[in-house]
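Read the figures in this text as sums done on the coordinates, not as results from a lab. These figures come from a predicted structure and were not determined experimentally. We place every Cβ from the backbone using ideal geometry, glycine too, and count neighbours over all the protein chains shown.
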RNA sequence: GGGCCUAUAGCUCAAUUGGUCAGAGCCCCCGGCUCAUAACCGGGUUGUUCCUGGUUCGAGUCCAGGUGGGCCUACCA
């Protein structure tokens, strides 16, 4: 029986460029796909691009382009990037392709016919960049602005189709229970489970506010929600141009940020359609680069392709692939640092692997008749056999990091073996038979390593084999390793040799690489904006969100709101208030429970989301501006707020409005 | 607030279901070798396994509580 292996990456949204993060996912998928090909498994590796959505439609319009033309250009960048990183997907799907749109519509119709999609209404504040609605509550700290993008949200009311996600809560939990490896690593699975246990709401799965998407079957006014559209790619790729549905179910590689869509929404869609669920969803960790979070600037600056080409035109790509797989335990967060890459290039790849090949060459110019293997030879061959099994087991367990570690251990053993057997002594004596005996297992080590490392470093593997005069790797099935049989080299075979695989870098080159691929200095535009300020008088306030600080600060365009009359304004009962009591609300991180004297008979209670910006002590006694005739708001447990304290906010902080001088409580504000 | 993950040598990380002196690489020191990319091999130094309790014949591993770091989620008039 043929084993099948179907691995997918997310389809990448084309408003971004291919960067280290997406490269990591894609390379990991490629490594596993290559491994399974070697095993002779029928293998399919899918990646692609997600091209629909309001955001693309708008940007294209701004540039005066047809959205399809715009998408064509960006998608092509992704398609071109992967081969340059040694990745060879079997299919590259685009959500704007006819075959995908047809397939997504078919999935939709199946789910609708089964009664799991219904027509309703959705009203809310929408962020174009997120493709998501926000509740007003979610925007309290940044009124009118998306908390993620800091751009204005838009009030949108639309008719919408809904998916009955709520109906699948129990079925999902039951499925999770029955399939303990459905999501890996286990910790991530726990997160998914607890999210589902907290309750699922029906999901709005269509939009009418734009038309750059897959039309809803039978209702052209609607296009599908991007996630419905996007997730279906894993199936639609299998149906066209030829029938590959036998590959289903897939293993989905995803970043942990989009795990929820893959581990909850997607399985629910599939259940609704009566389709088998994915075999597994593997959430890998996030990378930092040289210890820094992946900010927008970093993403744009640090190009994995350019790094690979700068390291070496021949083995740079494989070096990057190797380091990504080796340095970061697959599934965990990790750091990718240029210094670490150069270190591993020299030490592990150069000294260990490259040098091993090099020191074998002088004794194996031609394969000569060998004598009976002694104990050291037998031991080394034993180790090789064990390595093949152990490495395969690691790869099978989606643990490329472990596989690499195991393979390099046998290389160290081989180096030890040469030291111990000292072939140069026999060589000097002219005992060529002894030399051949010693060399024989070393050639086995290198040959086996060339196959085992091929998934990670296909180019390097090819070069090793070329130098050893071995046939190229058979990517449809490399028979010799599984089950493992000792390779026999024909006597008289001339070993080609060749250049060093990983030539030592000049110190100048190392320095230049470190310089070129170090993270750019952090943006200091905030201080630059105030040139008159000398450093000594600069405030040393600790800003609240260090993660955001690394992002370039782009001032969001202020969208003018509709004009109102004076009468409208006069309806606001605005007064000066004095905070006379303040305490934190228990169990609510951001809420302060305040008593404010607004000139009424008694201080009024106001619950305000200010705790992130003010401690009770800081706010106590402050003169603030209060909107007094706002409808009361109940926070539950008897917490009723009878007004609102005006505050100004930007992405950095939140400050209440004050009053100059000593105005009395209750003074009118207009 | 609810939840998840994580903490092991100077650095990066390992330690099958609780079971022999807690290991490896890098760095550093000493020695060996000279085929090889000043490479290779051997030896050595470094640990309160974050803290406090508990279960057990036995805990890095399990339990409870705490601390640091990361993340998911909720409240935000």
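When a footprinting reagent is the concern and you count Cβ atoms within 10 Å, what order do A:660, A:573 take, fewest first? Provide the component values of the computation, followed by the final result.
On the way: A:660 6, A:573 15.
Placing the least packed residue first, the sequence is A:660, A:573.
Pull out a ≥ b ≥ c, the square roots of the eigenvalues of the alpha-carbon gyration tensor of the range A:328-400, then state rounded if a/c is under 1.5, prolate if not and a/b is larger than b/c, and oblate in the remaining case. Spell out each step's value before the answer.
Numbers: a/c = 3.75, a/b = 1.54, b/c = 2.43.
Oblate is the answer for the range A:328-400, as a/c is 1.5 or above yet b/c matches or exceeds a/b.
Arranged from fewest to most other beta-carbon atoms within 10 Å of their beta carbon, A:425, A:404, A:251 become A:425, A:251, A:404. For the range A:1-108, the gyration tensor built on C-alpha atoms gives an oblate shape. Its axis ratio a/c (a ≥ b ≥ c) is at least 1.5, and a/b is not larger than b/c.
Among A:290, A:628, A:323, what is the fewest-to-most ranking by other Cβ atoms within 10 Å?
Working: A:290 16, A:628 20, A:323 24.
In increasing order of surrounding Cβ atoms, one gets A:290, A:628, A:323.
Working from label points 7 Å from Cα in the Cα-to-Cβ sense, the residue A:657 to residue A:509 distance is 6.4 nm.
Summarising the label geometry, the points placed 7 Å from Cα in the beta-carbon direction at residue A:335 and residue A:17 lie 2.5 nm from one another. Put simply, the range A:411-527 fits an ellipsoid with semi-axes of 39, 21, 13 Å; these come from the alpha carbon gyration tensor as the roots of five times its eigenvalues, largest first.
Could you rank the peptides A:411-418, A:19-26 by their average count of other C-beta atoms within 10 Å per residue, with the highest value first? Intermediate results must be reported in sequence, preceding the final value.
Working: A:411-418: 17.6, A:19-26: 22.4.
The peptides rank, most packed first, as A:19-26, A:411-418.
Hey, rough spin-label estimate for residue A:77 and residue A:245, points 7 angstrom out along Cα→Cβ, what's it come to in nanometres? Going by the 7 Å Cα→Cβ label model, 3.7 nm. For the range A:187-216, backbone nitrogen atoms closer than 20 Å to the point 7 Å from residue A:123 Cα along Cα-to-C-beta are found at A:202-210.
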